[in-house]
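Read through the structure below, which is laid out as structure tokens, and then see the notes.
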Amino acid sequence: MKYKYPYALFGNGPKPTHPAVKRRLNLINTFFCVDGGADKLIEMGYKPNLILGDLDSIGDKKNKYSCDIIFLEDQTKNDLEKSISWCIDEGINELELFGFSNGRDDHHLANILIMKDFSSRIKIKMYTNNSLLLFIDKHSTFSSKPNQKISIFSFNQETKITTTGLKYSLQNASLDSASHGISNLATGTSFSVKTSDWILVLIHYYQ
């Protein structure tokens with residue numbers, strides 16, 4: 001693998017604006033851009049290392065990019081699915097997503113569900129302009145600040161969750177409704193979550 005960790009997939013959604021996301025972008029060593037995401041990355045002052053996708057957004061501008069370009073053909077999948085699959089085939093086991101939120105609601109929801117589908121094969125984080133999203137299926141610990149908002153979503157009512165370091169704790173309990181895990185609060189500089197099945201953890205940026 002000629003590319004260097006950490007790796008990011010940069011999409012064609014709204015450009016990142018939150019300071020926390022910009023700080024993270026400065027630590028990325030390899031940018032895999034999904035189609036027109038290459039133009040937005042360049043506008044932000046970064047250089048694409050590779051462009052992936054069906055390439056409909058870059059069209060006849062291919063010669064302007066000083067990087068490799070790979071056409072991913074399968075029209076039954078969107079560019080995010082195809083790009084994650086390519087990364088897995090290349091042996092990448094951790095990936096950070098930028099520029100895949102907001103815009104159309106159906107696209108945003110599809111991208112979150114795509115993350116869930118791939119989470120058993122590759123560790124994925126999504127940075128939006130509001131929060132960090134990731135799926136976990138085992139005991140995990142995260143850095144936090146006191147009173148930072150944390151939300152947890154379960155996809156199976158049988159899932160048992162235990163938390164520490166959160167104001168409203170769970171002890172081997174299930175979420176009773178879709179809103180049960182929303183807007184919890186960190187009590188200190190870290191919190192942990194233990195789960196019996198896949199859940200979505202959403203860490204709101206501390207303002």
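Key figures for this structure:
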quantity: Amide hydrogen neighbours beyond the local backbone of Ile182, cut-off 5 Å, H modeled; calculated: Ile152
quantity: Candidate residues His108, His139: accessible-area rank, largest first, probe 1.4 Å; calculated: His139, His108
quantity: Backbone HN-Hα couplings from phi across the range 20-32 [Karplus 6.51/-1.76/1.60, Hz, Gly and Pro as x]; calculated: 5, 6, 4, 5, 5, 4, 5, 9, 6, 9, 10, 10, 8
quantity: With DNA, RNA and ligands ignored, accessible area of Cys67 (1.4 Å probe; Å², nearest 10); calculated: 30 Å²
quantity: Top positive-direction residue, dipole computed over the chain with Cβ charges, set Trp86, Pro48, Tyr206; calculated: Tyr206
quantity: As computed over the range 123-207, the Cα convex hull volume per residue (Å³); calculated: 83 Å³
quantity: Accessible heavy-atom area order of Ile199, Ile88, highest first, probe of 1.4 Å; calculated: Ile88, Ile199
quantity: J(HN,Hα) series, the range 176-187, from Karplus relation 6.51 cos²θ - 1.76 cosθ + 1.60, nearest Hz, glycine and proline x; calculated: 6, 8, 5, 9, 4, x, 7, 6, 6, 10, 6, 9
quantity: Accessible area of Asp105 in the full protein assembly, 1.4 Å probe (Å², nearest 10); calculated: 130 Å²
quantity: Spacing of the two label points (7 Å from each Cα toward its C-beta) at Ile70 and Ser120, in nm; calculated: 2.4 nm
quantity: Accessible-area ranking of Ile152, Ile69, largest first, probe 1.4 Å; calculated: Ile69, Ile152
quantity: Accessible surface of Thr141 - all protein chains present, 1.4 Å probe, nearest 10 Å²; calculated: 90 Å²
quantity: Stretch gain in nm, segment Ser174-Tyr5, where the contour uses 0.36 nm per residue and the Cα spacing is subtracted; calculated: 57.2 nm
quantity: Selected from Ser140, Leu109, Ala178, residue furthest toward positive end of dipole (the chain; charges at beta carbon); calculated: Ser140
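The values are calculated or read from the model by the stated rules, or taken from the named source; none is laboratory data. Computed from a predicted model, the values in this text were never measured in an experiment. Glycine also receives a Cβ, built like all others from the backbone with ideal geometry; neighbour counts cover every protein chain displayed. All accessible areas refer to the heavy atoms of the entire protein, side chains included, with ligands and DNA or RNA removed. Shrake-Rupley method; radii C 1.70, N 1.55, O 1.52, S 1.80 Å.
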